[in-house]
Amino acid sequence: MFKKILIANRGDIAIRILRCCKEMNINTVAVHSVIDSNLMNVLLADESVCIGPNKSFDSYLNIGSILSAAELTGADALHPGVGFLSENEKFARMVSDHNMKFIGPDPEHIALMGDKITAKKTMASFGVPVVKGSDGAVESPEMAEEIAKTTGYPVLFKATSGGGGKGMKVANDSSEVSNAFKMAKSEAKANFGDDNIYMERYLSDPRHIEIQIIADNYGNVVHLGERDCSIQRNHQKLMEESPSVALSPEKREEIGEIVTKAVKKMGYVGVGTLEFLYENGEFFFMEMNTRLQVEHPVTEIVTGIDIVKEQIKIASGEKLSFSQEDVKINGHAIEFRINAENSETFIPSPGKIEELYFPGGNGIRIDSHIYREYVVPQFYDSLIAKIIIHGRDRDECLAKSKRALSELVIDGISTTTNLHLKLLQNKDIVRGEYNIHWLMNNLENL
Ligand code: MV4
């Protein structure tokens with residue numbers, strides 16, 4: 001097992017990883033920007049190194065500085081956390097070149113899934129269902145109309161180098177193709193410096209359902225069920241739950257088997273998530289995240305498996321200690337993301353936390369780095385806490401959620417707590433009747 005892990009991240013996820021290291025008797029190194037010297041994960045770590053100025057580009061994305069900190073402290077492994085450098089192929093390679101274990105998949109697999117078209121082709125070749133579309137880039141509106149004859153309308157144009165939904169354009173029939181094609185191409189150029197676009201049949205009201213997988217170096221691949229992450233605003237997830245109300249145990253088993261087979265064929269090692277759109281009982285692969293995810297706690301809660309602990313064990317060469325038959329879904333979990341943002345405008349709300357009270361009691365998990373008088377800086381992601389609730393079933397989980405969120409006090413800054421309290425009053429949310437467009441369509445009248 002590793003002796004010392006450098007955690008190349010900040011905030012709640014850095015604490016999540018640090019707590020795991022402490023339980024495993026592994027020493028920890030925190031790295032931080034200038035303004036983050038009072039961050040809770042820095043205060044809790046065995047050692048810490050300042051890696052640069054406040055802008056992420058100069059610190060948390062500063063590869064040279066992070067590698068120097070690792071060498072200086074003698075870390076034998078590095079955990080990239082989520083975001084920042086966690087899906088950077090070059091960084092993963094450099095970490096290995098510096099004789100440290102990168103706690104994540106091989107750089108080749110990061111690269112393979114980083115390219116959207118390649119990822120889709122690879123998964124399709126391994127038997128994962130994908131949405132019908134172009135076989136690579138679309139060159140002209142005429143070509144697009146030809147392809148639409150096989151996919152049917154509506155169709156969606158996406159940037160090859162894209163992500164986060166930027167520059168996506170829908171054409172509802174052939175008369176809209178030429179315009180949508182041109183708009184998508186120019187937006188792709190403007191946003192990503194690459195005007196290549198591809199095309200897919202447009203799914204009008206799917207859910208976003210993702211499957212968590214975990215794979216060791218010995219060909220063992222296990223899935224940990226799904227998370228329903230359909231409640232999003234501008235591609236920012238706000239609430240995630242497991243299991244999804246939309247899946248039967250049979251459907252879960254079916255997609256789980258497809259996914260584990262594909263991941264095994266791919267030779268992927270580590271934790272990962274396959275994102276799907278789910279509509280009318282059908283799954284369509286979108287992309288694979290080759291890292292730990294923000295919302296991993298809901299899966300930990302319902303499976304009882306510590307995903308980070310398993311991830312570290314796998315990276316150090318240990319075998320998975322459980323098999324698919326051992327994985328049982330127990331009750332229901334929901335994660336509420338508490339962001340330092342205005343709950344109506346979503347404008348960031350950095351500043352000093354004047355008063356803080358976290359809820360507690362049976363079934364309440366809080367992953368957070370904030371404390372009273374901590375100043376939320378303006379430079380980074382606005383996530384300041386994740387409140388994860390466990391109930392024996394969804395109804396109990398919702399009741400506990402209402403109770404817990406109404407106890408939560410964060411004064412001095414604005415947070416998304418009020419939005420969550422409103423969601424919990426909504427009959428569609430209570431019934432689980434929502435899709436990827438629900439939040440955007442209902443924000444006005446919540
Ligand atoms: C789609 C789609 C409908 N049909 N693809 C948006 C981000 C990118 N990762 C994939 N996205 C979508 N792709 C087809 N063929 C609808 C979306 C989409 C979406 C997906 C997941 C969660 C929220 C979303 C919000 C708007 C659009």
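For the pair His235 and Asp46, the difference between a 0.36 nm per residue extended length and the Cα-Cα distance amounts to 64.4 nm.
Placing dummy labels 7 Å off each Cα toward the beta-carbon, the span from Glu344 to Lys265 is 5.2 nm. Highest GNM mean-square fluctuation, the chain, Cα pairs closer than 10 Å: which of Met143, Met168, Met100? Of the options given, Met143 has the highest mean-square fluctuation.
Working from the Cα coordinates of the chain, the gyration tensor eigenvalues give, after taking √(5λ), semi-axes of 33, 27, 24 Å in decreasing order. The gain in end-to-end length when the Glu354 to Asp58 segment is fully stretched comes to 103.6 nm, 0.36 nm per residue minus the alpha carbon separation. For a paramagnetic label modelled on Asn280 (point 7 Å from Cα along Cα→Cβ), amide N atoms under 18 Å away belong, within segment 140-159, to 148-156. If the chain linking Glu23 and His437 were pulled fully straight, counting 0.36 nm for each residue of separation and taking away their Cα-Cα distance, it would gain 145.0 nm. Measuring nothing but how far apart in sequence close Cα pairs (under 8 Å, 6+ apart) lie, relative to its length, the chain scores a relative contact order of 14 percent.
Distance between the pseudo-spin-label points of Asp306 and Gln425 (7 Å out from Cα toward the beta carbon): 4.0 nm.
Assuming R0 = 51 Å, what is the FRET efficiency of Ile35 and Arg392, from their Cβ-Cβ distance, to the nearest 0.05? Calculated value: 0.75. Here the simple spin-label model places points 7 Å from the Cα toward Cβ, and for Lys132 and Glu325 these points are separated by 4.1 nm.
Using the Cβ-Cβ distance between Asn418 and Glu318 with R0 = 51 Å, the FRET efficiency computed as 1/(1 + (r/R0)^6) comes to roughly 0.70.
The calculated FRET efficiency for Ala399 paired with Asn172, based on their beta-carbon distance and R0 = 35 Å, is about 0.25. For segment 36-132, with all protein chains in place and a probe radius of 1.4 Å, 52% of the accessible heavy-atom surface sits on carbon or sulfur. Of interest is the spacing of the C-alpha centroids, which for segment 146-192 and segment 80-145 amounts to 21 Å.
The values are calculated or read from the model by the stated rules, or taken from the named source; none is laboratory data. Owing to the predicted nature of the structure, the values given are computational and were not obtained by experimental measurement. No Cβ is skipped: glycine too gets one built from the backbone with ideal geometry, and neighbour counts run over all protein chains shown. Protein only, heavy atoms only, side chains kept; ligands, DNA and RNA dropped before computing areas. Shrake-Rupley method; radii C 1.70, N 1.55, O 1.52, S 1.80 Å.
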